[in-house]
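Every read-out reported here was derived from the displayed coordinates using simple, explicitly stated rules and does not represent laboratory data. The shown structure was predicted, so the numbers you read here are calculated from the model rather than taken from an experiment. Here the Cβ positions follow ideal geometry from the backbone for every residue, glycine too, while neighbour counts run over all protein chains shown.
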């Protein structure tokens, strides 16, 4: 079956920066809904018409991937607002930040703790790959028709490098 605008595709990949350093590898196939909210537009566009077994090589500039880095999404917050077990890499949903953080912090972002000081915590609302051009080597492992329920849901539940609020110690990108 060829990849169409609304189907489910199982992918593996290797993600590198422009210097060739590996940023992420996905060895076990993960299913994504094309035509939903799972993949970046440029990836969906590049996959169209391919079949299982296809290899797709992409170079994505920041504006095609995770956007430019926005220094206005970096906030210095009082350390005492956060739990004692706080660690770098922990991710918070902007709508669920502790009471007392800067009211200018947009709630529609996911914030990563990037640095911890005795008195302050640095929260970064940029995607970890914002501002970076990336090279992506995709392998199409399988393709199938999406069910009506999957199409209605708009996602297979795993977005392409979708960040989600998580427990300490779980800071993978996928």
- Task: Given the options 132, 43, 116, state which has the largest fluctuation in a GNM of the chain using a 10 Å cut-off (strictly under) for Cα springs.
- Result: 116
- Task: Over the range 41-151, consider all pairs of different Cα atoms and compute the Kirkwood hydrodynamic radius from their mean reciprocal separation; express it in Å, one decimal.
- Result: 16.8
- Task: May I ask you to derive the relative contact order of the range 52-125, considering only C-alpha pairs under 8 Å and at least 6 residues apart, and to give it as an integer percent?
- Result: 34
- Query: Which residues in the range 1-34 place their backbone N less than 14 Å from a point set 7 Å from the Cα of residue 148 along the Cα-to-Cβ direction?
  - Reply: none
- Could you line up 111, 117 from fewest to most neighbouring Cβ atoms inside 10 Å? 117, 111
- Query: Under the definition of Cα pairs under 8 Å and six or more residues apart, what whole-number percent is the relative contact order of the chain?
  - Reply: 35
- Message: Quick check: the distance between the Cα centres of the range 70-86 and the range 5-21, to the nearest angstrom?
- Response: 31
- Pull up the DSSP beta bridges for the chain and report the antiparallel fraction as a percent, rounded to 5. 100
- What is the order of 109, 120, fewest Cβ neighbours within 10 Å to most? 120, 109
- Task: Provide the packing ranking of 98-106, 22-30, 7-15, i.e. peptides ordered by the mean count of other C-beta atoms within 10 Å per residue, highest first.
- Result: 7-15, 22-30, 98-106
